[in-house]
1. Name the residues in the range 586-610 that are without any contact (Cβ under 8 Å) to a residue 12 or more places away in the chain and either assigned to a strand (DSSP E or B) or under 25 Å from residue 627 (Cα atoms) (or both), would you?
2. Residue pairs, Cβ under 6 Å, 6 or more apart or interchain, first in the range 382-398 and assigned by the TED database to the domain that holds residue 431 and over 17 Å from residue 369 (Cβ atoms), second assigned to a helix (DSSP H, G or I) and open to solvent by less than 30 Å² (accessible area, probe 1.4 Å). List them.
3. Between 10, 15, 34, which is farther than 24 Å from residue 241 by Cβ, of a type in the set (A, V, I, L, M) and modelled with pLDDT of 85 or more?
4. Scan the range 472-522 for residues that are assigned to a helix (DSSP H, G or I), among the polar types (S, T, N, Q) and buried (at least 18 other Cβ atoms within 10 Å of the Cβ) and report the count.
5. Does residue 158 count as open to solvent by 40 Å² or more (accessible area, probe 1.4 Å) and not β-branched (Val, Ile, Thr)?
6. Would you check if residue 212 is surrounded by fewer than 22 Cβ atoms within 10 Å (Cβ to Cβ), under 23 Å from residue 75 (Cα atoms) and over 28 Å from the mean Cα position of the chain (by Cα)?
7. Check 14, 20, 49, 39 and return the single one that is crowded, with 19+ Cβ neighbours inside 10 Å and assigned to a helix (DSSP H, G or I).
8. Answer yes or no as to whether residue 206 is open to solvent by 60 Å² or more (accessible area, probe 1.4 Å), assigned by the TED database to the domain that holds residue 137, of a type in the set (A, V, I, L, M) and not in a loop (DSSP other than H, G, I, E, B).
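The values are calculated or read from the model by the stated rules, or taken from the named source; none is laboratory data. It should be emphasised that the depicted structure is a prediction, and the values quoted were computed from it without experimental measurement. Cβ sites come from the backbone with ideal geometry, for glycine too, and all protein chains shown count toward neighbours. The protein model used for the area step is the full one, side chains on, heavy atoms only, and it has no ligands, DNA or RNA in it. Shrake-Rupley method; radii C 1.70, N 1.55, O 1.52, S 1.80 Å.
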Amino acid sequence: MLDRNAAAWIALGLIVLLTLAVWRFFDVQSEERIRDRFLHRAESTRQALVLRLQAYEQTLQGASAFFAANETVSRTDWGSYVGGLQLDRYLPGIQGTGFALLVRPEERHTHEAGVRGEGFPSYHIHPEGTREIYSSIVYMEPFGGRNLRAFGYDMYSDPVRREAMERARDTGKLALSGRVILVQETDSGIQPGFLMYLPVYRGPAADALERRASLLGFVFSPFRAHDMIGGLFAEVPRDVEIELFDHNPVAENLLFSTLTGAHTPHFVTTLDVEFGGRTWVARFSSTPFFESDAQSVEAPLILITGVTVGLMLFAVIHGNALYRRRMSIAAARLAQSRDDFRMLVESMPGVVFRTRAGPPWTVIHVSRGTQDIFDKPPEYFIKEGHTIGEFVHPDDRDRVHDIVQAAIASRTPYEVEFRVRNRLRGLRWVIARGQPNIDRSGRAKWVDGLIFDITERRAAEAAIRNLAFIDALTQLPNRRFLMDRLRQGMANSDRKQHFNALLFIDLDHFKDVNDKLGHDAGDALLIEVANRLKNSVREGDTVVRLGGDEFVVMLEDLGGSQHEAQTKTAHIADKVLVALNRPHEIGEHAVTTTPSIGYTTFRGQEVSAEELLRRADRAMYTAKEGGRNQICSLDAA
C-alpha cells in the first residue's frame, strides 16, 4: 500500500495532467473565438467600405436622374444641383462630381468654341491628337483647386478609364475603373486613384447597340484613394490593418494601406470587394492592439484553478493543520477568481443574463448593463421578480417569444432584434444573442445570453436608405420614390376602379430669383413652395420634388367617373395656384412667383407610369405657352 507521501504526489500529478488537458482544450477554443472575432471585424470593415461605395453610387444615380429629368442642364444648373447635395458634409472623401460629354471629331471645333464663349477662352480638349471619339469633362464640381486640371480632359484617351466607360455604356450600370493616377494630381503628394462612371442617354435604350447610339455622356466621380478610404477607416477602431488592391494583390495594384510597422500579424485574411463590375482585394491583418486586447483569461484561469485544487488535495493528505491553512489560501484565491470573473462580466457592454428556460423566463442572473438599456438595476429583476419580457415592445413580444422557444426546442443559439421601452430614453432597438443550456437528460436548464443596444446602428441604416428616396433640400420624396408610388397608385386604381390624377407644377421665372437674389434665396423659395404644396393637398396625397423647380403631386381616390375626378383635380389645382401666388418672405425680400400647372387623370394601368408623367408634363407646357400662371389639362372632357 502506498504511503501518504507517495499518494499525495500521485494525486497531484494526475490533477496536473488533467488540468493541462483542460487548459489546452480551452486555449484552443479561445484561439478559435479570437479568430472568429477577427474575421467578423474584417467582414464588418469590408461591409463599411461597400456601404460607402453604394452611397457614392446613389449620388451618381441622382445626377443621372437629374439629366433625365431636364432636356438641357446648364453649368449653373449642375453647380446648383451638386452644391445642394452637400457631399463634403454627408459623403466626405469624394474628389468631385462631374459630367463628361461625348464629342465626335466633326463636332470638336464647334464644341470648343461654344465652351470658350461661356467665358473659358483657354478651354480645349486634351491631350492633343486625333481620335475616333472624345469625351471631354465639361462640368466639374467643386470647380476649383485640383479639379481645374481636369477641365476639358478626354478620359477616352486613357485605356483604363475607357474600359470602365465602355462597360458602363454597354450595360447601363455604374462601372468602377481600375487603378489610375488622376489628372488632378500635382507634383507632390501623388496618390493612387479610381473613378466611378454612370452613363447618360438621350432617351430609352433596350440593348447595347441602342445604348451606344443614344449615349450623351457620363456622370462620374474621381477619388483619391488615400483621401477617400483613409477618411473612412479613420472613423473605426484600429483592430485590423488593411491593404486594398485593385484586382490582384501585387505592389503595383496597391490602392491603400494602413500598415506602418514591421509587426508580424497573428491573423491574416483576404476578402473580395465586388462593386461596379470590378473586384478589389482587401487583405486584413490583426494589429498588436487587437491581439493583446483579445487575449482570454479563461485558459490561464483554468490552469491556475486546477493547480490550486491539486495543491489543496496534496495538503489534505499531508495533514489537517496544513490542510486548513492551505484551504484558507485556496478559498481566498477562489474568491479573487470569482470577483475577477464578476468584474469581467460587469465590464462587458450591454446586458449579460441567465433566465429560466421557459415562461415567465424568471431572471437568475443579470449584469448591471440593465441600468443603461432598461433604466432598472439588476435587483429589480433578481430580487423583485420582474422579467426582461416586460420591457419588450408589445408588437415584438410574440415574435421574440417564438424565436427563443424555437431555439430551445432545436437546442441551437438564437439571435433576434427587437424594441424595448426605457423610461428615460424612450424606445430603443436592441439585439439579443442567447443559447439554451441543456442537461444530460436533454432538458433545457436555463438560457444564457447577451443584449446590446443597436439604436444608433439602426438609425444609421435608416439614414442611408433615405438617401435613395428623399430630396436633400426640401425633404420631399424624389423622382425614384414617385415612380414606385405611381405604380402602386395605378395598381390600386385598377383594383378599386377609381380615378387618380397627376399634377405637374413648374415655377415661372424661377431662374430670375436665382440670378437676382442668389442660389440661397432660390433654395429657400423651393423649401417654402414645398411646404405650401403639402398644406394645399389632402392627407394621403403624394407631393414630390422632381428636380430643379419642378414638382409633382399624385392625387388618389377621386371617384368612379372621369368627370368627377377632373372636377376634384381642378379644385385642388386651384388651391395650389392660389397658395403659390401669395408672396413669399425670403429673408428681407418679398418674392412673388407663379406656377404653371398641368394635370392628367387616369384609371388602371392602361398606360405606363412614364407616359402619365409625360402627359402631365405636356399639359404643364401648354399652360406655360398659354401665358403662365394657369392650369391646363389635355384630357378629353
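1. 590, 592
2. none
3. Details: 15 fails: modelled with pLDDT of 85 or more; 34 fails: farther than 24 Å from residue 241 by Cβ.
It is 10.
4. Going residue by residue through the range 472-522, those that are assigned to a helix (DSSP H, G or I) are 479-496, 510-517, 519-522.
Retained after the next criterion (residues that are among the polar types (S, T, N, Q)): 488, 492-493, 514.
Still in the list and also buried (at least 18 other Cβ atoms within 10 Å of the Cβ): 493, 514.
The number of residues fulfilling the criteria is 2.
5. Details: open to solvent by 40 Å² or more (accessible area, probe 1.4 Å): no; not β-branched (Val, Ile, Thr): yes.
So residue 158 does not fit the description; no.
6. Working: surrounded by fewer than 22 Cβ atoms within 10 Å (Cβ to Cβ): yes; under 23 Å from residue 75 (Cα atoms): no; over 28 Å from the mean Cα position of the chain (by Cα): yes.
No: the conditions fail for residue 212.
7. Numbers: 14 fails: crowded, with 19+ Cβ neighbours inside 10 Å; 20 fails: crowded, with 19+ Cβ neighbours inside 10 Å; 39 fails: crowded, with 19+ Cβ neighbours inside 10 Å.
Going through 14, 20, 49, 39 in turn, just one is crowded, with 19+ Cβ neighbours inside 10 Å and assigned to a helix (DSSP H, G or I): 49.
8. Numbers: open to solvent by 60 Å² or more (accessible area, probe 1.4 Å): yes; assigned by the TED database to the domain that holds residue 137: yes; of a type in the set (A, V, I, L, M): yes; not in a loop (DSSP other than H, G, I, E, B): no.
Spelling it out, it is not the case that residue 206 is open to solvent by 60 Å² or more (accessible area, probe 1.4 Å), assigned by the TED database to the domain that holds residue 137, of a type in the set (A, V, I, L, M) and not in a loop (DSSP other than H, G, I, E, B).
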